[in-house]
Amino acid sequence: MSESLALDPFFDSLCPVAEAVERLASESGAEERGAIYTRREVVDFILDLVGYTVDQNLTSYRLLEPSFGDGDFILPAVERLLASAQREPDGLSVEKLKPAIRGVELHRETFERNRQSLRKLMIEQGVLSKDIDGLLNAWLTQGDFLLCEFDQDFTHAVGNPPYLRQEVIPDVLMGEYRQRYSTIYDRADIYVPFIEKSLRNLATGGKLSFICADRWMKNRYGKKLRELVSKDYHLATYVDMVGTDAFHSEVSAYPAITVIERSGSSQENNVTRVFARPEINGKVLDRLARELTKPKLKTSSRVREIDKIAAGGEPWILDDFDALALVRRLESRLPAIEEAGCKVGIGVATGADKAFIGDFEELDVEPSRKLPLVMTKDILEGHVQWRGRGVINPFGDDGKLVSLEDFPKLKGYLDERYEQIAKRHVATKAPQNWYRTIDRIYPDLAKREKLLIPDIKGDASIVYEGGKLYPHHNLYFITSDEWDVHALQAVMRSGIARLFVSLYSTKMRGGYLRFQAQYLRRIRLPRWDSVSVEMRDRLKRFSETNDRHELNEIVASLYGLSADEMKLIEGDTVA
């Protein structure tokens, strides 16, 4: 164990936690640990971006690598450290070198393999044999980074933190992480607390640069980490690495390189430099690193500068600058869709669809205890083709669960399926209400005109439903007390919906977007009373048109878009 690094003393008393860590350290494979290894050209690029270069006095720096794996980052860093030290008057001074590096690795076999690689490198670089073990003991720790404590802060933190979903981490260990890290929010992947811990261990002016998935920058689970960065740090650089050959193996994540600096007392510089999809070539990346770190960019530079990206927990918009400018203009002068008299929601989740959902006619319950259900498969053709499914409704008009004694057929139906229904989490939390659906059902919603939108789609598939069906949980819906729903459908089927959603949503593989409520609510909409009679009629007539160009022209006129702005909402936008 490192001389300056130890596991939190509290950890020693947590036997179940220790057992979980030990299993991951000794038994887990690379995939289970979320291990993805980074190409050398990319590592050198990251070290250059944070200024960890041989021409600096690197013995005066303190570099952290929180998950060093096979040494993709720590080996080049040590190479640079030793080359820099040899230029100093006292050369390879052990006392100066000891605090210069800290690396942590959980997997024991990987740790030992990398330690031997570092030993070999140090011998080649002229480090005395008698000094090597002392330095390696100071530099390297085998253990769980998220449970480790340091006795120093750091000027630099670099690496590729593990990309690992919560579900694969033992519950007892995940519980311990949640107690320690405020950024573990919703379904946050484990790289999020890795970023938090590394940031909190930076000295003032220190720089962190990781290559990892970009999901946290926009989606719900990254909210707390975005808040942390916006409060005490500065996003200095963002390089989109999607579609590049950044790793030794193909990955399905959407990677990005960020440089985040720990702000001092003044946060006057809120400019972020942005570049997208560089060629993975050593010379190209070397030139790009020099450009990204220049005091001032040339007017001809392909690097873009964006001011004040990080604002509380709001999503970070780091691409498509012309579209961003248009969205910001619309946001400044138009109300959000729900402020304009519309409601965005999601259909019912039951927690046991096989029990609560079936053929509507064959659901043997009282007529008032079932509702016709519309599902994603019912709207695949762009209009509703109901397949006759229905959902059990255990709620009365007052929103409370009905008494089963008042509905004997419902009681018999649910009792037959008791084991399947009662084992759900929502049922175990309140056993007396074991037969409730996860989401409350509001029967009046079935009777309302509504627009239906599937969660994942290449474009905005907006389907009109005339007030007969209740939406399933894979469908989002929009209703309105002010807007004519057919006219609203025209607006939502135009490129306007995709414009907003594409900026705020995280893209899926294949270019698909998630048309979720949190993104739909960001769409801006004129108030219905401000829309002329002529425009209202045109919108209603074109609500289901296949002439997307004419539809976009009508909506561009509604929003007062210029010819150039009109082009931004054109394209393959209507499904």
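The values are calculated or read from the model by the stated rules, or taken from the named source; none is laboratory data. These numbers were taken from a predicted model, which means no experiment stands behind them. As a convention, Cβ positions derive from the backbone with ideal geometry for all residues, glycine included, and neighbour counts pool all protein chains shown. Calculation scope for accessible area: heavy atoms of the full protein, side chains included, ligands and nucleic acids excluded. Shrake-Rupley method; radii C 1.70, N 1.55, O 1.52, S 1.80 Å.
Taking K343 as meeting all but one of (1) part of a strand (DSSP E or B); (2) modelled with pLDDT under 95; (3) out of contact with any helix residue (DSSP H, G or I) (no Cβ under 9 Å at 6 or more places or on another chain), write down the number of the exception.
(2)
So which residues in segment 386-401 are modelled with pLDDT of 95 or more and in a loop (DSSP other than H, G, I, E, B)?
Hits for segment 386-401 are W386, R387, G388, N393, P394.
State yes or no: is T204 closer than 27 Å to L147 by Cβ, of a type in the set (S, T, N, Q), over 11 Å from the mean Cα position of the chain (by Cα) and open to solvent by less than 10 Å² (accessible area, probe 1.4 Å)?
No, not satisfied.
Tell me, which residue of segment 53-89 that is of a type in the set (G, A, S) and either outside any loop (DSSP other than H, G, I, E, B) or touching a strand residue (DSSP E or B) at 6+ places or on another chain (Cβ under 8 Å) (or both) is surrounded by the fewest Cβ atoms within 10 Å (Cβ to Cβ)?
The extreme case among them is S60.
Count, please, the residues in segment 90-127 that happen to be crowded, with 16+ Cβ neighbours inside 10 Å and polar (S, T, N, Q).
2
Criterion first (closer than 15 Å to I46 by Cβ, surrounded by 15 or more Cβ atoms within 10 Å (Cβ to Cβ), among the β-branched types (V, I, T) and within 18 Å of the chain's Cα centre (by Cα)) does I184 satisfy it?
Spelling it out, it is not the case that I184 is closer than 15 Å to I46 by Cβ, surrounded by 15 or more Cβ atoms within 10 Å (Cβ to Cβ), among the β-branched types (V, I, T) and within 18 Å of the chain's Cα centre (by Cα).
Counting residues that are without any contact (Cβ under 8 Å) to a residue 40 or more places away in the chain, which strands (runs of 3 or more DSSP E) fully inside segment 96-178 reach at least 3?
Filter on segment 96-178 gives 101-105.
Across segment 539-554, what is the number of residues that are open to solvent by less than 80 Å² (accessible area, probe 1.4 Å) and outside any helix (DSSP H, G or I)?
Number of matching residues: 4.
Checking the conditions here, which among K423, K370 is basic (K, R) and open to solvent by 80 Å² or more (accessible area, probe 1.4 Å)?
Among K423, K370, only K423 is basic (K, R) and open to solvent by 80 Å² or more (accessible area, probe 1.4 Å).
How many of the residues in segment 518-538 are outside any loop (DSSP other than H, G, I, E, B), farther than 20 Å from V344 by Cα and open to solvent by less than 90 Å² (accessible area, probe 1.4 Å)?
Selection size over segment 518-538: 5.
Restricted to segment 259-302, and to residues that are within 22 Å of Y233 (Cβ to Cβ) and among the β-branched types (V, I, T), which residue is modelled with the lowest pLDDT?
Looking at the filtered set, the residue picked out is V271.
Answer yes or no: is there a residue in segment 365-386 that is more than 34 Å from the chain's Cα centre (by Cα) and among the basic types (K, R).
Looking for residues that are more than 34 Å from the chain's Cα centre (by Cα) and among the basic types (K, R), one finds at least one in segment 365-386, hence yes.
Name every residue in segment 233-251 that is surrounded by 14 or more Cβ atoms within 10 Å (Cβ to Cβ), under 19 Å from L47 (Cα atoms), modelled with pLDDT under 90 and out of contact with any Ser or Thr (no Cβ under 7 Å at 6 or more places or on another chain), in order of residue number.
Passing the criteria: D240, M241, T244.
Cβ-Cβ under 6 Å, sequence separation 6+ or interchain: first residue in segment 273-301 and open to solvent by 70 Å² or more (accessible area, probe 1.4 Å), partner outside any helix (DSSP H, G or I). Which pairs?
R277/D240; R277/G243; R277/T244
If S209 satisfies all but one of (1) farther than 21 Å from Y37 by Cβ; (2) open to solvent by less than 10 Å² (accessible area, probe 1.4 Å); (3) more than 12 Å from the chain's Cα centre (by Cα), what's the number of the condition it fails?
(1)
Taking segment 316-332, which residues are aliphatic (A, V, I, L, M), in a loop (DSSP other than H, G, I, E, B) and surrounded by 20 or more Cβ atoms within 10 Å (Cβ to Cβ)?
L318
Does segment 435-494 hold any residues that are assigned to a loop (DSSP other than H, G, I, E, B), under 25 Å from the mean Cα position of the chain (by Cα) and charged (D, E, K, R), and which are they?
D439, D455, D459
Of all residues in segment 428-443 being of a type outside the set (S, T, Y) and free of Cβ contacts under 8 Å to residues at least 40 places away in the same chain, which is most open to solvent (accessible area, probe 1.4 Å)?
Result: K429.
Restricting segment 333-359 to residues that are touching a strand residue (DSSP E or B) at 6+ places or on another chain (Cβ under 9 Å) and among the small types (G, A, S), which is surrounded by the most Cβ atoms within 10 Å (Cβ to Cβ)?
G347
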